[in-house]
1. Go over the candidates Phe107, Phe148 one by one and state the one that is modelled with pLDDT of 90 or more and of a type in the set (Phe, Trp, Tyr).
2. Here is a list: Leu224, Leu170. Which entry is out of contact with any Ser or Thr (no Cβ under 8 Å at 6 or more places or on another chain), more than 30 Å from Gly121 (Cβ to Cβ) and not aromatic (Phe, Trp, Tyr)?
3. Please enumerate the residues belonging to region 103-131 that are over 22 Å from Leu150 (Cβ atoms) and in a helix (DSSP H, G or I).
4. Condition first: in contact with a helix residue (DSSP H, G or I) (Cβ under 6 Å, 6 or more places away or on another chain) and either of a type in the set (D, E, K, R) or farther than 30 Å from Leu150 by Cα (or both). Now tell me which residues in region 68-87 satisfy that.
5. Has region 129-145 got any residue that is out of contact with any helix residue (DSSP H, G or I) (no Cβ under 7 Å at 6 or more places or on another chain), over 15 Å from Ala202 (Cα atoms), of a type in the set (D, E, K, R) and in contact (Cβ under 8 Å) with a residue 60 or more places away in the chain?
6. Would you mind stating whether Pro253 is out of contact with any strand residue (DSSP E or B) (no Cβ under 6 Å at 6 or more places or on another chain), closer than 16 Å to Thr103 by Cβ, assigned to a helix (DSSP H, G or I) and not hydroxyl-bearing (Ser, Thr, Tyr)?
7. Which of the residues belonging to region 132-152 are of a type in the set (D, E, K, R), assigned to a helix (DSSP H, G or I) and either surrounded by 24 or more Cβ atoms within 10 Å (Cβ to Cβ) or touching a Phe, Trp or Tyr at 6+ places or on another chain (Cβ under 7 Å) (or both)?
8. Taking Tyr219 and the conditions (1) within 21 Å of Asp111 (Cα to Cα); (2) crowded, with 21+ Cβ neighbours inside 10 Å, which numbered condition does it fall short on, given that it satisfies the others?
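The values are calculated or read from the model by the stated rules, or taken from the named source; none is laboratory data. Note that this is a predicted model, so its numbers are computed, not measured. Note that each Cβ is placed from the backbone with ideal geometry, even for glycine, and that neighbours are counted across all protein chains shown.
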Amino acid sequence: MADPATDPVRDTVRDPVTDPVAGFGAAGERPASRLRDGLRAYAAIVRMWIRSTAAYRISFVLTTLGNFAMTALDFVAILLMFSRVDALGGYSLPEIAFLYGLTSVSFGVADLTIGSVDKLGRRVRDGTLDTLLVRPAPVLAQVAADRFALRRLGRITQGVLVLGYALSRLDIDWTPGRLLLMPVMLLSGSVIFCAVFVAGAAFQFVAQDASEVQNAFTYGGTTLLQYPPTVFAREMVRGVTFVLPLAFVNWVPAAYVLGRPYPLDLPGWAAFASPLVAAACCVPAGLAWRAGLRSYRSTGS
């Protein structure tokens, strides 16, 4: 168990021993209060890791640049394709750069804020998850903030630069609807990816060694969305629209911004459905997390 004198969440939440309604999930605890305390615990742990990162500034700069360079290779591959072709699936380079930038920023924000949950399987296997269970703070907040890595800003920065390039090259009729949709789809896309991260982490309670399965839907989904839907089979597009609705990260709302046909001939209002889809994704992800956490039985050691 963590030392109370150095535990970053000790002073941010109430003690369930001395306060009978402070325990998370207790009968007297309101959901809003649990959320507030969870966010406070998350912020406290993040501040601790940021202070730790600040102590090694050169290492932080080098790892951030390395993260930037590694993610930039994905766009370099796209540039190499366009050195041989003028269009890919009917999309020009600036249009694909637009899709790429939207996806990279949305995923980058989710990866920065909650990406650490993909290491949950390791905690389940070695039993270190037990130390989080005895703390008076939501386990999800602790797992998400654990080893918060500012180096992941490299992916976000690279995505912003590519998105800026795309916007400078595209001739878009900036109506109020399109202007409003830009921040909405970035925020909604981040929430959708966060829900996928949480659902994947919940699966690791059962599989224990399933981080690669989770990565297939998180990192793999990001790579998928960097290319236009017209290059994929119709069954694939249906799957990422109606089953795992990653298409609402960028394909559907971006079609409205770019003035292109919607995937699968979706109705016009679908471009503005990203916030509703993001909220809908959070519900099963949250239920899966609660079910996984309740099924946890430690290592028995």
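1. Within the list Phe107, Phe148, the selection yields Phe107.
2. Answer to the selection: Leu170.
3. First, the residues of region 103-131 that are over 22 Å from Leu150 (Cβ atoms): 121, 124-131.
Those that are over 22 Å from Leu150 (Cβ atoms) and in a helix (DSSP H, G or I): Gly121, Val124, Arg125, Asp126, Leu129, Asp130, Thr131.
4. Phe82
5. So far as region 129-145 goes, yes, one or more of its residues are out of contact with any helix residue (DSSP H, G or I) (no Cβ under 7 Å at 6 or more places or on another chain), over 15 Å from Ala202 (Cα atoms), of a type in the set (D, E, K, R) and in contact (Cβ under 8 Å) with a residue 60 or more places away in the chain.
6. Yes, satisfied.
7. Here is the first cut: in region 132-152, the residues of a type in the set (D, E, K, R) are 135, 146-147, 151-152.
Now drop any that are not assigned to a helix (DSSP H, G or I), which leaves 151-152.
Listed by number, the list holds a single entry, Arg151.
8. Evaluating Tyr219 over (1) within 21 Å of Asp111 (Cα to Cα); (2) crowded, with 21+ Cβ neighbours inside 10 Å leaves (2) as the failure.
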